[in-house]
Protein chains: 2
Amino acid sequence: MSTRGASPKGQERSEAILDAAERLLVDEGHSALSLRGVAQRAGIRLGNLQYYFATREELVRALLARVLERATAQLEERMGAADTPARALDTAVEALLEDQKDPASYRLFYDLWALAAREPTIATELRAFYARYIGTVAERLGLAAPELSRAEVHARAELLVALLEGLSLFRSGTLGAPDRKVEAELWRVSTWLTTVSEPAPPAPSRKKGPQRR
Amino acid sequence: MSTRGASPKGQERSEAILDAAERLLVDEGHSALSLRGVAQRAGIRLGNLQYYFATREELVRALLARVLERATAQLEERMGAADTPARALDTAVEALLEDQKDPASYRLFYDLWALAAREPTIATELRAFYARYIGTVAERLGLAAPELSRAEVHARAELLVALLEGLSLFRSGTLGAPDRKVEAELWRVSTWLTTVSEPAPPAPSRKKGPQRR
DNA sequence: TGACAATTAGGTCATCCGACCTAATATTCA
DNA sequence: TGAATATTAGGTCGGATGACCTAATTGTCA
């Protein structure tokens, strides 16, 4: 949603600017995402960039929207591309695991998580993204384990997504590297989530914990 | 490890500066972590701050070291504080879940994850932190499930830590809120990780944990 | 062809940044 | 007491930033 540039050429230019901004964001982080830097990467002048995105916030919003939209589309496409509906989840998880081997694919999200903690508008959009993400997973999970309640299925979907997001930290090269054993155990957990419906073990007793982690 | 200030008062001042820096980091993110800002929050002059930390990087390194050291100590203290050794993991997980309800406790780590993706020195320290973190968890996991191999135990520990880190995203208020159902399912996964050890297809289990298929 | 939008270009402005420096005062302790 | 250390105060410097502005050029379509 850029300010101007409705014509085909304008649209193209707009996309190119967002491409440059995204590359800059991945490479240097959101604090380095300056209008000048983006303009330089895009190979255009500052004034020209400002014709499309008058302020930095406008640029960031457009970039965020594009990134999340793309991620959503990719997830749903992957779900649909499975051999059988039952394998949809496995296929998507497989693809995500593959993505995690590329640092660039997640660096962007690390910045987004940090940003969302402070900028409510970004938090709102990210929240909507993950809600849809988890919803899609829950849908498939419900098909695989029909005896589970709606709430249970949703909880497990959230758990699975959290696991994958957390795992990205240890697989994208910066804090760790992909590990076969871990992948194997992940598959066991994943199948467990979609199959086992036994009653939960007793919850541990409560105890007031100290602050901070 | 500040540059100067070995005397008790200097030590105190040094800690106060790091406190201010940490508050600023949590509130505004690492891009807002300026020497001037820290000095203002600490209620001292810029020159005074520079007496303790000559450069920004020095400050950041000291801050990072203190944060990770504290987190490590807290985790190990929590493990040790359990009623029984067997409950050590549960106790620690409980405490972590409690922490996750406070946004401030994790915001800092979101920034660290983003930073680590670009600054090798930070990545190195964070990696060491998580290695120790996962190692501690693996140790306890090994006690709870002695029939698992060392590698399996380590893989499960990494999985559990990843799950908790990922979960923090959805529990710290910005992208979601704590949810009882999710917690319940987390406990099931957690106990599953510490109890179930039979391979995928065969063999009846004697453990209390849920069974597959 | 002419009008109008799209696009490019270049420059100004106040503001903040980190690094660096010097001088003066206060505190501590041998 | 006197010397070393800790602390405060104020300033300079080059550099980068975002917002804003204006003029010139290109492209499109009636």
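Dipole of chain B, Cα-centred, from +1 at each Lys and Arg C-beta and -1 at each Asp and Glu C-beta, to the nearest 20 debye?
Working: 30 positive and 29 negative charges, 27 e Å.
The calculation lands at about 140 debye.
Nm distances between the label at B:Leu35 and the same-position labels in the remaining copies, 7 Å along Cα→Cβ, shortest first?
2.9
Would you kindly give the portion of the calculated P(r) for the protein assembly as shown that falls above 42 Å, as a percent of all Cα pairs?
Details: 16501 of 90525 pairs.
Cα-Cα pairs of the protein assembly as shown separated by over 42 Å account for 18 percent.
Using a 1.4 Å probe on the protein heavy atoms only, what accessible surface does A:Val189 show? Give it in Å² to the nearest 10.
Number for this one is 0 Å².
Please give the net charge around B:His154, taking every other residue with its beta carbon less than 11 angstrom from that of B:His154, where Lys and Arg add +1 and Asp and Glu add -1. Before the final figure, lay out each step's value.
Values: positive: A:Lys181, B:Arg150, B:Arg156; negative: A:Asp179, A:Glu185, B:Glu139, B:Glu152, B:Glu158.
The answer is -2.
Can you order the peptides A:150-158, A:166-174 by their average number of other Cβ atoms within 10 Å per residue, highest first?
On the way: A:150-158: 21.7, A:166-174: 23.8.
In decreasing order of mean packing, A:150-158, A:166-174 become A:166-174, A:150-158.
Between the label point of A:Glu12 and that of the same position in each other copy, find the distances and list them shortest first in nm, with every label point placed 7 Å from Cα along the Cα-to-C-beta direction.
Reported distances to equivalent positions: 6.9 nm.
By the scheme Lys and Arg +1, Asp and Glu -1, what is the net charge of all other residues having a beta-carbon under 10 Å from that of B:Asp19?
Result for the neighbourhood of B:Asp19: +1.
Any idea which of A:Ala131, A:Tyr106, B:Ala114 is furthest toward the positive side of the dipole for the protein assembly as shown, if Lys and Arg beta-carbons carry +1 and Asp and Glu beta-carbons -1?
The Cα lying farthest towards the positive end belongs to B:Ala114.
Please report, in whole Å³, the volume per residue of the convex hull around the C-alpha atoms of the range B:63-213.
Details: hull volume 19.6 nm³, N = 151.
Convex hull of Cα atoms, per residue: 130 Å³.
I'd like the mean, over residues of B:146-159, of how many other protein chain beta carbons sit within 10 Å of each residue's own Cβ.
Numbers: counts 0, 0, 1, 1, 1, 6, 5, 2, 4, 9, 6, 2, 10, 11.
Other-chain Cβ atoms within 10 Å of each residue's Cβ, averaged: 4.
What average count of beta carbons from other chains do you get within 10 Å of the Cβ of residues in A:172-184? Don't skip to the answer; put the middle values down first.
Numbers: counts 2, 2, 13, 14, 7, 0, 0, 4, 2, 10, 9, 2, 4.
Per residue, the number of nearby Cβ atoms from other chains is 5 on average.
As a test of reading the structure, rank A:Thr91, B:Thr84 by solvent-accessible area (1.4 Å probe, protein chains only), most first. It would help to have the intermediate numbers written out before the result.
Numbers: A:Thr91 30, B:Thr84 60 Å².
Listed by decreasing accessible area, they come as B:Thr84, A:Thr91.
Mind listing the label-point distances from A:Glu57 to the same position on all other copies, shortest first, one decimal in nm, points 7 Å along Cα→Cβ?
3.4
Could you give me the ³J(HN,Hα) list for the range A:73-86, computed from phi with Karplus coefficients 6.51, -1.76, 1.60 and θ = phi - 60°, whole Hz, x at Gly and Pro?
4, 5, 4, 5, 5, 5, 4, x, 7, 5, 4, 10, x, 5
Would you mind putting B:179-188, A:175-184, B:41-50 in packing order, based on average other-beta-carbon counts within 10 Å, highest first?
Working: B:179-188: 19.0, A:175-184: 16.5, B:41-50: 14.7.
The peptides rank, most packed first, as B:179-188, A:175-184, B:41-50.
Counting Lys +1, Arg +1, Asp -1, Glu -1, what net charge surrounds A:Ala81 among other residues with beta carbon under 12 Å of its beta carbon? Write out the running numbers ahead of the final one.
On the way: positive: A:Arg78, A:Arg87; negative: A:Glu76, A:Glu77, A:Asp83, A:Asp90, A:Glu94.
Residues close to A:Ala81 contribute a combined charge of -3.
Work out from phi, with θ = phi - 60° and the Karplus expression 6.51 cos²θ - 1.76 cosθ + 1.60, the ³J(HN,Hα) of each residue of the range A:104-114, listed in order in whole Hz, and give x for Gly and Pro.
Along the range A:104-114, the couplings run 4, 5, 10, 3, 4, 6, 4, 5, 5, 4, 5 Hz.
With axes computed from alpha carbons, what is the tilt in degrees of helix B:180-195 against the longest principal axis of chain B, rounded to the nearest 10 within 0 to 90?
With both axes taken from Cα atoms, the answer is about 70 degrees.
Using the Karplus equation 6.51 cos²θ - 1.76 cosθ + 1.60 (θ = phi - 60°), what ³J(HN,Hα) coupling, rounded to whole Hz, does each residue of the range A:11-20 give in order, writing x for Gly and Pro?
Listing the rounded values in order: 4, 4, 4, 4, 5, 4, 5, 5, 4, 4 Hz.
Take a quick pass over the protein assembly as shown and tell me how many lysine pairs come in under 29 angstrom between Cα atoms, counting only ones 8 or more apart or on separate chains.
Value for the protein assembly as shown: 14.
The values are calculated or read from the model by the stated rules, or taken from the named source; none is laboratory data. Treat the numbers as computed from the prediction; the structure is a model and nothing was measured. Glycine gets a Cβ as well: all are built from the backbone with ideal geometry, and neighbour counts include every protein chain shown. Surface accessibility is based on the protein's heavy atoms, side chains included, excluding ligands, DNA and RNA. Shrake-Rupley method; radii C 1.70, N 1.55, O 1.52, S 1.80 Å.
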